[in-house]
Ligand SMILES: NC(=O)c1ccc[n+]([C@@H]2O[C@H](COP(=O)([O-])OP(=O)(O)OC[C@H]3O[C@@H](n4cnc5c(N)ncnc54)[C@H](OP(=O)(O)O)[C@@H]3O)[C@@H](O)[C@H]2O)c1
């Protein structure tokens, strides 16, 4: 099921505590958006100096990832890749007990399922896997897309908060579904299927109708897609796009 989106604002009094692990470009934008919406926000980053601008804006900087996780019922993770997630979660351990873990780090469906297993085995209240389609400056606007999958009770409990980040869709309880959606949306059509008249697998037709507003029909219409895609060679890519880097091949496979 896909749930239509809207971006909501609420009185600060209703905004619950949130923790953000990872303060790169994306995690910092996410933490700042939560602060803007009035959430008591705890942040942690491997390089502690990156917490300073957010602390100046009202966030609490935790000295360890475990302490950051313990501070909030909702924990949002935005790290470089799945190897970083695995490393940080290992340091968090049972501090995740009773918390809802939302991982927005790029990764494969199998990595999402492994994270969900880890969260369950460590007593988390729920696990949601989210993917990000757009650039940090668009966080907090409808022009950035966040597909989610995983625990439906966790999604229901935190939906309003997650919708503060952008346009949100929910793709069901299978944890890997958001990663599948991400790959379906951002993977360029295979060269053999790039013609508008290609029909054997239907991919060109599907992508054209999936991305209304796209001038070419072969790229999503969000404003910064081209810059976003151009940066990917420097990053880990989800397994299955045919561009997987050594780092993104998780030890969990
Ligand atoms: N930026 C975008 O436009 C964009 C768009 C869509 C999706 N995403 C995805 O969002 C995620 C975050 O992206 P970003 O742009 O924020 O990346 P980034 O600016 O490169 O930041 C990477 C973050 O990961 C941390 N990190 C890396 N390795 C680590 C490790 N082994 N242990 C602990 N922390 C580690 C870094 O900590 P340090 O500061 O200590 O290095 C930093 O906080 C990625 O999965 C990316 O693919 C990004």
| said: Given the options 172, 123, name the one that is touching a strand residue (DSSP E or B) at 6+ places or on another chain (Cβ under 9 Å), assigned to a loop (DSSP other than H, G, I, E, B) and surrounded by fewer than 23 Cβ atoms within 10 Å (Cβ to Cβ). | reply: 172
| said: Restricting to segment 85-109, name every residue that is touching a strand residue (DSSP E or B) at 6+ places or on another chain (Cβ under 9 Å), part of a helix (DSSP H, G or I) and more than 14 Å from the ligand (Cβ to nearest atom). | reply: 96, 109
| task | Go through the residues of segment 176-186 one by one and say whether even a single one is exposed (fewer than 15 other Cβ atoms within 10 Å of the Cβ) and modelled with pLDDT of 55 or more. | result | yes
| field | Which numbered condition residue 13 misses (of (1) in a loop (DSSP other than H, G, I, E, B); (2) at pLDDT below 95) | value | (1)
| query | Of the residues in segment 147-168, how many are touching a helix residue (DSSP H, G or I) at 6+ places or on another chain (Cβ under 9 Å) and crowded, with 20+ Cβ neighbours inside 10 Å? | reply | 12
| request: Could you check, for segment 147-160, whether at least one of its residues is at pLDDT 95 or above, within 15 Å of the ligand (Cβ to nearest atom) and within 13 Å of the chain's Cα centre (by Cα)? | output: yes
| request: Scan segment 129-141 for residues that are touching a strand residue (DSSP E or B) at 6+ places or on another chain (Cβ under 7 Å) and either more than 16 Å from the ligand (Cβ to nearest atom) or within 25 Å of residue 96 (Cβ to Cβ) (or both) and jot them down. | output: 129, 130, 131, 132
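Conditions (1) in contact (Cβ under 8 Å) with a residue 40 or more places away in the chain; (2) within 14 Å of residue 76 (Cα to Cα); (3) more than 15 Å from the ligand (Cβ to nearest atom); (4) in contact with a helix residue (DSSP H, G or I) (Cβ under 9 Å, 6 or more places away or on another chain), marked per residue:
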| site | (1), (2), (3), (4) |
| --- | --- |
| 117 | no, no, yes, no |
| 122 | no, no, yes, yes |
| 127 | yes, yes, yes, yes |
| 145 | yes, no, no, yes |
| remark: Residue hits (segment 41-84; touching a residue at least 12 places away in the same chain (Cβ under 8 Å), out of contact with any helix residue (DSSP H, G or I) (no Cβ under 9 Å at 6 or more places or on another chain) and away from the ligand (no atom under 11 Å from the Cβ)) are 55, 71, 72
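The values are calculated or read from the model by the stated rules, or taken from the named source; none is laboratory data. Just so you know, these numbers come straight off a predicted model, no measurement behind them. Note that we place each Cβ from the backbone using ideal geometry, even for glycine, and neighbour counts take in every protein chain shown.
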